[in-house]
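Values in this text are rule-based calculations from the coordinates and carry no lab data. Because the structure is predicted, anything quoted here is derived from the model rather than measured. Ideal geometry is used to build each Cβ from the backbone, glycine not excepted, and the neighbour counts take in all protein chains shown.
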Amino acid sequence: MPSSEPTFAELIEGCTKSAVHLEMRDQYGISDEDDAFTTWQLTGQRDTDPTSENWAPWVDLISRTVARGVIVRRARIVSEPVTRYIRWEHAGTVVNIHAGEQVRWLPRRQASDIALPGNDFWLFDDRLIRWNHFTGDGAWAGEEFCDNSSAVKLCAEAFERVWARAVPHDEYEIR
């Protein structure tokens, strides 16, 4: 386990082969997304400009990572019909794809027999987990790092099982 908590950028920049992200919530309440989400709800307009102030740092980080040969994958388990938040997230995923991420969606009903960890996570090079903790209403509640081999194995296997069943972003129809 690292002696100090690295930033996300340090974690992804340190990857040599893979970074996978599993998202399992139907609603997030991340405060720095509030304005963009509210605008989308009122107007239907979603920032999908990869050069915008909001997206450019992410696009740059992921593009550089993928250019180094690291595979970056994101899987989202969602309830159907999806929430407004998931609709908003789906509308912005084109930027994740533009940056080089591979993204898939799995309807929650199809995940019932998969052993899943209790929290969303990033898994870096099949060795280090960054757990993402949220409150009941979806607000960010911090992160926790884990390199326990049993937890790493659970996350790696769960992600691969979800990935195998999930639908690629360009084929997933919002319901």
Is it the case that the stretch 49-57 has a residue that's of a type outside the set (S, T, N, Q), closer than 21 Å to ALA19 by Cβ and surrounded by 15 or more Cβ atoms within 10 Å (Cβ to Cβ)?
-> yes
Condition test on ARG74, is it within 21 Å of GLY14 (Cα to Cα), touching a helix residue (DSSP H, G or I) at 6+ places or on another chain (Cβ under 7 Å), of a type in the set (Lys, Arg) and buried (at least 16 other Cβ atoms within 10 Å of the Cβ)?
-> yes
Residues being hydroxyl-bearing (Ser, Thr, Tyr) and surrounded by 16 or more Cβ atoms within 10 Å (Cβ to Cβ) - total across the stretch 1-17 = 0
Over the stretch 28-47, the set of residues surrounded by 14 or more Cβ atoms within 10 Å (Cβ to Cβ) and either of a type outside the set (D, E, K, R) or over 30 Å from ASP126 (Cα atoms) (or both) is TYR28, GLY29, ALA36, PHE37, THR39, TRP40, ARG46, ASP47
Report whether or not GLY142 is among the small types (Gly, Ala, Ser), touching a residue at least 24 places away in the same chain (Cβ under 8 Å) and either touching a helix residue (DSSP H, G or I) at 6+ places or on another chain (Cβ under 7 Å) or not in a helix (DSSP H, G or I) (or both).
-> no
Could you check how many residues of the stretch 159-175 are acidic (Asp, Glu), farther than 15 Å from ILE71 by Cβ and outside any loop (DSSP other than H, G, I, E, B)?
-> 2
Residue check: is ALA156 touching an Asp or Glu at 6+ places or on another chain (Cβ under 6 Å), in a helix (DSSP H, G or I) and within 26 Å of THR7 (Cα to Cα)?
-> yes
Subset of the stretch 60-71, residues among the aliphatic types (A, V, I, L, M) and crowded, with 20+ Cβ neighbours inside 10 Å, comes to ILE62, VAL70
Top-ranked residue in the stretch 99-115 [being surrounded by fewer than 16 Cβ atoms within 10 Å (Cβ to Cβ) and not hydroxyl-bearing (Ser, Thr, Tyr); ranked as nearest to ALA164 (Cα to Cα)] | GLN110
What about ARG130, is it under 13 Å from MET24 (Cα atoms), touching a residue at least 12 places away in the same chain (Cβ under 8 Å) and in contact with a strand residue (DSSP E or B) (Cβ under 8 Å, 6 or more places away or on another chain)?
-> no
